[in-house]
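Any read-out appearing in this document is the output of simple, stated calculations on the displayed coordinates, not a laboratory observation. Remember, it's a predicted structure, so these values are computed and weren't measured experimentally. Neighbour counts are summed over all protein chains in view; Cβ atoms, including those assigned to glycine, are modelled from backbone coordinates with ideal geometry.
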Amino acid sequence: LYRNPGEAEFHQAVREVLETLGPVLAKYPEFADKKIIQRICEPERQIIFRVPWRDDKGEIHINRAFRVEFNSALGPFKGGMRFHPSVYLGIIKFLGFEQIFKNALTGLPIGGGKGGSDFNPKGRSDSEIESFCQSLMLELYRHIGEYTDVPAGDIGVGSREIGYLFGQYKRITNRYESGVITGKGLGWGGSRARKEATGYGVVLFAQEMLKFQRQSLDGMKVVVSGSGNVAIYAMEKAQELGAIVVACSDSSGYIYDENGIDIGTVKRIKEFERRRIATYLESHSSARYVEGSSIWSVPCDVALPCATQNELTARDAKTLVENNCKIVAEGANMPTTPEGIQLFQSAGVYFAPGKAANAGGVATSALEMQQNASRDSWSSEYTQKRLQDIMVDIHASCYETAAEFGAEGNYVTGANIAGFIKVAGAMTAMGVI
Ligand code: NDP
């Protein structure tokens, strides 16, 4: 705490992992001898820099940007960039810390990192977004690279922003280094199914959880928070598997459509028009819009929080338990508060943490890197099959590891321990670096 003052989200993420690692240190005393815990909690490198840029009126703005290169024991640092006014060091460090374990769970050779800026893209024109991205890359380029650190998207950073970032990197370095950033467009080095991967992956993970209880998503009522990249494709896959998605949201409120949310409309509003979710009612008059209040009051069998950290509180968890929710799988990073997780676990609601359930996004980013390295482009079917296999493997690894350490059905314990053992093993082998 004294080394990282005022970084509440980082403390929360570290505490959640460390609370589950006691049995691992008892089984592998060498990890304690080599001070793996102390080393894994300290980023290898943290970069904080100024991003000056001009808006359309010529006015100058100054933002702050971050890149936290947390752990490269398994591969180059890998993790998204977030553009949101709430971004500060504590958020980027929590995301980077989580990313270490998530990336390890994928079984692919990627280390953990994260970055972002307190820049608010809302209401900014296309040319302002471009100016900001170019200015940010003018500093970031010297820290990243195919073999060092590979950024991607996150909240506020989609394929448009990745395009501007990659274009500027290419211009500065005079190199077409495709593997330096992921989430690229399909025509210029991107991977098929990357856009869909995180949301699809969450639902595939939830389906595995249900399978273990001899149930399926078919006919289940699903609520998804958010209406961004992760939420949209979680809804799409859930519907494809027979579920009825009745509600989704943005930071202003939620929509409820008992006939099932029309994904095409949500895509149009969010991906193309960039408007508020409330405008869904313009074309679906039987739906309801509820401003401000929590989406988790909507009864459901499966809850998929896909918006942001700490959006699902103890009070929300209590409501979901009372409404007989069976499964919670996190699409966002750390969307459930520690008290919320505790409530789910003690009520017997199966709960999957983001570092396991949303790992499909970064896994497919690693597949994008593979395609870039081999100058190849895989079909959507092949890429989706790989994603599905990876999600099934992550589920099995979490489930089996939890059982091995006496916590069967506890996906938090399973994910933390399975991820930690991989990273700690590599760190031990590489000496005190
Ligand atoms: P987007 O920017 O595409 O969408 C974010 C969504 O969450 C929007 O609907 C946004 O609403 C809502 N939201 C953001 N902040 C808040 C808030 N404070 N309160 C309520 N709603 C909020 O981001 P992504 O879909 O990419 O990311 C969502 C989550 O998933 C994040 O936690 C991210 O870290 C995580 N994630 C993303 C991956 C990816 O591949 N994109 C991979 C793994 C995890 P509004 O427009 O009103 O702000």
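Worth a mention:
- The set of residues from segment 368-396 being of a type in the set (A, V, I, L, M) and farther than 27 Å from GLY414 by Cβ comprises just one member, ALA373.
- Residue match in segment 278-294 (condition: surrounded by 20 or more Cβ atoms within 10 Å (Cβ to Cβ), under 21 Å from the mean Cα position of the chain (by Cα) and within 22 Å of ALA238 (Cα to Cα)): no
- Flag for ASN4 being assigned to a loop (DSSP other than H, G, I, E, B), of a type outside the set (Ser, Thr, Tyr) and either within 16 Å of ILE91 (Cα to Cα) or in contact (Cβ under 8 Å) with a residue 40 or more places away in the chain (or both): yes
- Selection count, segment 368-390, where residues are buried (at least 18 other Cβ atoms within 10 Å of the Cβ) and either polar (S, T, N, Q) or within 13 Å of the ligand (Cβ to nearest atom) (or both): 6
- Residue count, segment 135-161 (criterion: under 16 Å from the mean Cα position of the chain (by Cα) and closer than 25 Å to PHE272 by Cα): 9
- Filter result for ALA152 (of a type outside the set (D, E, K, R) and within 11 Å of the ligand (Cβ to nearest atom)): yes
- Top-ranked residue of segment 227-263 - restricted to ones that are in a loop (DSSP other than H, G, I, E, B) and within 14 Å of the ligand (Cβ to nearest atom), ranked as farthest from LYS195 (Cα to Cα): SER252
- Inclusion of GLY90 among residues that are in a loop (DSSP other than H, G, I, E, B), away from the ligand (no atom under 14 Å from the Cβ), more than 30 Å from PHE272 (Cβ to Cβ) and within 23 Å of the chain's Cα centre (by Cα) is not warranted.
- Verdict on ILE269 being part of a strand (DSSP E or B), more than 10 Å from the ligand (Cβ to nearest atom), β-branched (Val, Ile, Thr) and farther than 20 Å from ASP218 by Cα: no
- A single member of THR401, THR364 is within 16 Å of the ligand (Cβ to nearest atom) and of a type in the set (S, T, N, Q), and it is THR364.
- SER283 satisfies every condition listed in (1) within 16 Å of the ligand (Cβ to nearest atom); (2) more than 28 Å from MET137 (Cβ to Cβ) except (1).
- Scanning segment 185-206 for residues that are away from the ligand (no atom under 13 Å from the Cβ), in contact (Cβ under 8 Å) with a residue 60 or more places away in the chain and closer than 14 Å to ALA152 by Cβ gives a single hit, GLY189.
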